[in-house]
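Written out below as structure tokens is the structure these notes cover.
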Amino acid sequence: MTANVVERPVASSGRATGFRAVVRRVRQDRWAVTSAAVIVVFLVVAVAAPLISAVTGQDPYGYDIDALNSFGAPKGFGGGISGEHWFGVEPLTGRDLFAIVTYGARTSLGIGLAATLVSIVIGVLVGVTTGFFGGWYDRVLSRVVDVIFGFPSLVFMIALTAIVPTSFPKPVLVVLVIGFFGWPSVARVVRGQTLSLVSRNYVVASTAMGAGRWHVIRTQLLPNLAATITVYATISIPSMIGAEAALSFLAVGVTPPTPSWGRSIGDAVGWVQTDPMYLVFPGVALFLITLAFNVLGDALRDALDPRGARR
């Protein structure tokens, strides 16, 4: 009975009130609202990609050689922009670029969100347990985090994605590799927040009254870490999307002909002098989604900062 009284600092009504206050502050920031709208639009595009591309009667895997000239470059203005191909066509193949960008949202957002989930789950688990348990467990995992931080992650990503058998699903491999190298930074932030929470009166009292360690983590620490985790996850998504784009740009990401913004940008580099429009549409899509997540993450961080709220 006493333990229930101790846990009131994180009662659901208090969290609901705090959540409404955060939403109100974010809604007052027009840039944050615009960014949220952009993210929603891209998510809808990713989910409804078959329906959206069907409007033009195109798909990302159909070749249209008639849309190319004898050199393999798109015919006409703007990389072959026409009523049939809204964004033009891909050089050498004639695939519809609008369909590629639309389906590419699935690849980039799907891998980015999944990799963020992997890194957040591992990072939160490691961070909250090392900060709470301490001792040799904390020392060992802290050294592991230091080693991973000092490891040339991009080189390892390229090597691993290149040597893994082709039978292994490439999107899953990319998610696991990017997520694995993303969790140490999450763990370090969560550990620091956990160390500040374990000295709070309600955590000390719960532990002294015999509450189990996992009970304290679940009911006392994680609810108070939710804001930090949410902000960090939002800010991490752009870097995960960028990592997928970088791997696809280097031709070690998802395998062709799977649509990917990063690979489209990589392919477009060789055609910039001939027709730069092939670079514009996937590049703008990647820029907008990463910018939107960064702006929304900054707005959430400011809204959850009491000092920022007073300002």
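The values are calculated or read from the model by the stated rules, or taken from the named source; none is laboratory data. What you see is a predicted model, and the numbers here were worked out from it, not measured in a lab. As a convention, Cβ positions derive from the backbone with ideal geometry for all residues, glycine included, and neighbour counts pool all protein chains shown. To get the accessible areas, we keep the full protein, side chains included, count just its heavy atoms, and leave off ligands, DNA and RNA. Shrake-Rupley method; radii C 1.70, N 1.55, O 1.52, S 1.80 Å.
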Can you find, within segment 156-170, the residue that is surrounded by the fewest Cβ atoms within 10 Å (Cβ to Cβ) among those that are under 18 Å from GLY110 (Cβ atoms) and among the hydrophobic types (A, V, I, L, M, F, W, C)?
PHE168
From ASP66, ASP138, which residue is under 30 Å from ALA187 (Cα atoms) and either in a loop (DSSP other than H, G, I, E, B) or acidic (Asp, Glu) (or both)?
ASP138
Yes/no for ASP59 being farther than 30 Å from ASP302 by Cα, within 28 Å of the chain's Cα centre (by Cα), touching a residue at least 40 places away in the same chain (Cβ under 8 Å) and open to solvent by 40 Å² or more (accessible area, probe 1.4 Å):
yes
Kindly provide the set of residues from segment 69-97 that are surrounded by fewer than 24 Cβ atoms within 10 Å (Cβ to Cβ) and part of a helix (DSSP H, G or I), ordered by number.
PHE77, GLY78
Could you check segment 281-311 and list, in sequence order, the residues that are assigned to a helix (DSSP H, G or I), modelled with pLDDT under 90 and surrounded by fewer than 16 Cβ atoms within 10 Å (Cβ to Cβ)?
PRO306, ARG307, GLY308, ALA309, ARG310
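Of all residues in segment 166-176, how many are within 15 Å of the chain's Cα centre (by Cα) and in contact (Cβ under 8 Å) with a residue 40 or more places away in the chain?
4
State the number of residues belonging to segment 267-278 that are open to solvent by 20 Å² or more (accessible area, probe 1.4 Å) and in contact with a helix residue (DSSP H, G or I) (Cβ under 9 Å, 6 or more places away or on another chain).
7
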Quick one: which residue in SER185, SER153, SER206, SER196 is modelled with pLDDT of 85 or more and surrounded by 15 or more Cβ atoms within 10 Å (Cβ to Cβ)?
SER185
From THR230, THR290, THR255, THR234, which residue is polar (S, T, N, Q) and farther than 25 Å from ARG24 by Cα?
THR255
Quick check: is even one residue across segment 171-182 surrounded by fewer than 18 Cβ atoms within 10 Å (Cβ to Cβ), closer than 22 Å to GLY127 by Cα, of a type outside the set (A, V, I, L, M, F, W, C) and touching a helix residue (DSSP H, G or I) at 6+ places or on another chain (Cβ under 6 Å)?
no
With the first residue restricted to segment 276-294 and required to be under 12 Å from ILE39 (Cβ atoms) and aromatic (Phe, Trp, Tyr), and the second required to be part of a loop (DSSP other than H, G, I, E, B) and open to solvent by less than 60 Å² (accessible area, probe 1.4 Å), Cβ contacts under 6 Å at 6 or more apart or on different chains are none
Looking at (1) under 30 Å from GLN58 (Cβ atoms); (2) of a type in the set (Ser, Thr, Tyr); (3) open to solvent by 60 Å² or more (accessible area, probe 1.4 Å), which one does THR107 not meet, given that it meets all the others?
(3)
Taking first residues from segment 213-232 that are part of a helix (DSSP H, G or I) and second residues anywhere that are of a type in the set (D, E, K, R) and open to solvent by 30 Å² or more (accessible area, probe 1.4 Å), the pairs with Cβ under 8 Å that are 6 or more apart or on different chains are THR219/GLU7; GLN220/GLU7; PRO223/ARG15; ALA226/ARG15; VAL231/ARG301
Can you find, within segment 252-267, the residue that is farthest from GLU90 (Cα to Cα) among those that are of a type in the set (A, V, I, L, M, F, W, C) and in contact with an Asp or Glu (Cβ under 9 Å, 6 or more places away or on another chain)?
VAL254
Number of the condition not met by ALA245 [criteria: (1) more than 22 Å from the chain's Cα centre (by Cα); (2) crowded, with 23+ Cβ neighbours inside 10 Å]:
(1)
Please state which of the following conditions ILE100 fails to meet, knowing it meets all the rest: (1) of a type in the set (A, V, I, L, M, F, W, C); (2) open to solvent by 10 Å² or more (accessible area, probe 1.4 Å); (3) under 30 Å from PRO276 (Cβ atoms).
(2)
Would you confirm whether any residue within segment 248-258 is under 28 Å from THR130 (Cβ atoms), crowded, with 19+ Cβ neighbours inside 10 Å and not acidic (Asp, Glu)?
no
